[in-house]
Every structure is written in structure tokens, then in C-alpha cells.
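The values are calculated or read from the model by the stated rules, or taken from the named source; none is laboratory data. All values reported here derive from a predicted model rather than from experimental measurement. As a convention, Cβ positions derive from the backbone with ideal geometry for all residues, glycine included, and neighbour counts pool all protein chains shown. SASA here: full protein model, heavy atoms, side chains in, ligands and nucleic acids out. Shrake-Rupley method; radii C 1.70, N 1.55, O 1.52, S 1.80 Å.
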Amino acid sequence: MTVEHFFIGANSLRLGKKVGKGGEGEVFLIQGRPNFAVKIYYKNIRSKRKNKVHALVKSKFYENTELIAFPQEILTDASGEFVGFSMKLVSEHYPMHELYSPKSRKTHYPNVDYRFIIRAATNVARAVATVHEKGCVIGDFNHSGALISKKATVALIDADSFQFTFLGANYLCEVGMPEFTPPELQGASLRGLYRQASSDLFGLAVAIFQLLFMGRRCFSR
Ligand SMILES: Nc1ncnc2c1ncn2[C@@H]1O[C@H](COP(=O)(O)OP(=O)(O)OP(=O)(O)O)[C@@H](O)[C@H]1O
Ligand SMILES: [Mg+2]
């Protein structure tokens, strides 16, 4: 079996436990760096994401925020090829749907009351506002990207898919879940689309409704 070696600059690092996977890559702990994680993209995604992640790191969006897991350092393989990035580890937070679905709420958030849910909802709104203050748009806002702790604090992940502008170039978010997509973009192609921050606010409103009404969708009958 070959063991892959990864580097941040000249420093080699050893991966720890896998903490998650998505449609674009896998997320691991880093041995000896307890507050950090790395996302390693699947091979077919790497060349597509390379420029965007370099621009995100250079933009230093990760500074002054504990709430949002922005890419912080570039991760390469032994031949110096781009494979992913490091970011803050988000621990002891669960995806928003774990709070609004009554069954998983009992497991992860026993004894929470409605005040907790309102606090969590306002913290989701604050996290979205922080992204907008940095000049980014989430684009693919959805219930898996916003994580909520047992203290109702909120962290956002998948920040490498956010839309932003760096040195005059627009880096887009070309995906989105229909449920959280505003009416004006329903059915439209998201390819090449530059989004307004207001499109996140529609998704935020849908998510807050779900939180406050135990998963009920605002447009369902
Ligand atoms: N900073 C982080 N700290 C801890 N866990 C994380 C972090 N980022 C991601 N994860 C975990 O890894 C999983 C996959 O991450 P993410 O959604 O960013 O991957 P992705 O491949 O870009 O997915 P998508 O297809 O939704 O874009 C998450 O659901 C979460 O469990
Ligand atoms: Mg992603």
C-alpha cells in the first residue's frame, strides 16, 4: 500500500481521522494541529478549484473569524501539486437539520427550548452577515453548510464554494439547492452567474422558517 504524503509549504503533515466527506472531497484532522482540518479534493476536482482556493487564501478571509471555515493554507502532494487546503476545525457542531428535525433534536440537543432555537436562528443570520461583510456571497446556502453547537453558536463550512472577487476576477458559486434558491433564480442556469448577496437572504429565511417550525417548509401546504 502506498501512503500519500501531504505538505503545507515545506512542512509535511500527517493526516488524522477522516471527519467528513462531500461531493467534492474529504476532510481530515491533522496530527499535532488540533484546531485545524484539511479538505482534500477528489482528483477530478483539483485543477478546477486550484485558482479559486489560491485566491481565497491570498484574500485572507480567514482572519478575524472563528465562525467560518475559510481556506487558510494551500495543501500539496509530494510533487508540489495542489490537492486542497487547511481550515479551522469545527468541532461539536451539528448540521442545522439535526436541530430542526424533532427526532435528532432529542439526541443532539436534549432539553433545549424555543429560546435556544431563536438564539441559533439569529446566530445563523449573524454568520451570513459576517460572510457578506467580507464581500463574499455564500451562493449555495443550505442546511448542511451551517452547523450549530449545543450552545447555539453557529459555524459555516464549505467556504471554498463561496462567491468573491479578488484582484478584479470573479470567483463564482455555480451550484445551489433548489429549496434555498430564490424565485428569480429558479430554473435558471447557475453556470457563469454572478449572484447578489440578497440571494443568500432568501435561503436564510427558508432555513430560519424550518428552524422555528420544526422542519416545516415555508412553501409546503
Ligand atoms: N472545517 C471543518 N471542520 C470539521 N468538519 C468539517 C469541516 N469542513 C467540512 N467538514 C466535514 O466534512 C463534510 C464535507 O465537507 P464539505 O461539505 O465542505 O465538502 P464538499 O465535498 O465541498 O461538499 P459539497 O459537495 O457539499 O460541496 C461536512 O459535512 C463536515 O462533516
Ligand atoms: Mg463544496
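All other residues whose Cβ lies under 13 angstrom from that of R195 are scored, Lys and Arg at +1 and Asp and Glu at -1, for a net of -3. For the peptides 184-197, 61-74, residues were scored by their other Cβ atoms within 10 Å and the scores averaged per peptide; the highest-first order is 61-74, 184-197. Rounded to the nearest 10 degrees, the angle from helix 198-212 to the longest Cα principal axis of the chain is 60 degrees.
3J(HN,Hα) along region 128-144: 5, 4, 4, 4, 5, 4, 7, x, 9, 10, 5, x, 9, 5, 7, 6, 9 Hz, from the Karplus curve 6.51 cos²θ - 1.76 cosθ + 1.60 with θ = phi - 60°, whole Hz, x for Gly and Pro. Computed from backbone phi with θ = phi - 60° and the Karplus coefficients 6.51, -1.76 and 1.60, the 3J(HN,Hα) list for region 119-126 is 4, 4, 4, 5, 6, 4, 4, 5 Hz; x is used for glycine and proline. Between amide H atoms placed 1.01 Å from N, distances below 5 Å from Y94 occur with I148, S149, all of them 5 or more places distant or on a separate chain.
Amide H contacts of F166: Y171, each under 5 Å away and 5 or more positions distant or on a separate chain (H built 1.01 Å from N in the peptide plane; Pro and chain starts excluded). How tilted is helix 43-59 with respect to the longest principal axis of the chain? Cα atoms for both, answer in degrees (0 to 90, nearest 10). So the helix axis and the longest Cα principal axis differ by about 80 degrees.
Here region 5-28 and region 94-172 have alpha carbon centers that stand 23 Å from each other.
What percentage of the solvent-accessible surface of the chain, computed with a 1.4 Å probe over protein heavy atoms, is contributed by carbon and sulfur atoms?
Accessible surface attributable to carbon and sulfur in the chain totals 54 percent.
Packing here is the average count of other Cβ atoms within 10 Å per residue, and on that basis the peptides 170-177, 24-31, 159-166, 12-19, highest first, run 159-166, 24-31, 170-177, 12-19.
Karplus-derived 3J(HN,Hα) values for region 157-167, using 6.51 cos²θ - 1.76 cosθ + 1.60 with θ = phi - 60°, are 10, 6, 5, 6, 9, 4, 8, 7, 10, 9, 6 Hz; glycine and proline are entered as x. With contacts taken as Cα pairs under 8 Å at a separation of at least 6 residues, the chain carries a relative contact order of 17 percent.
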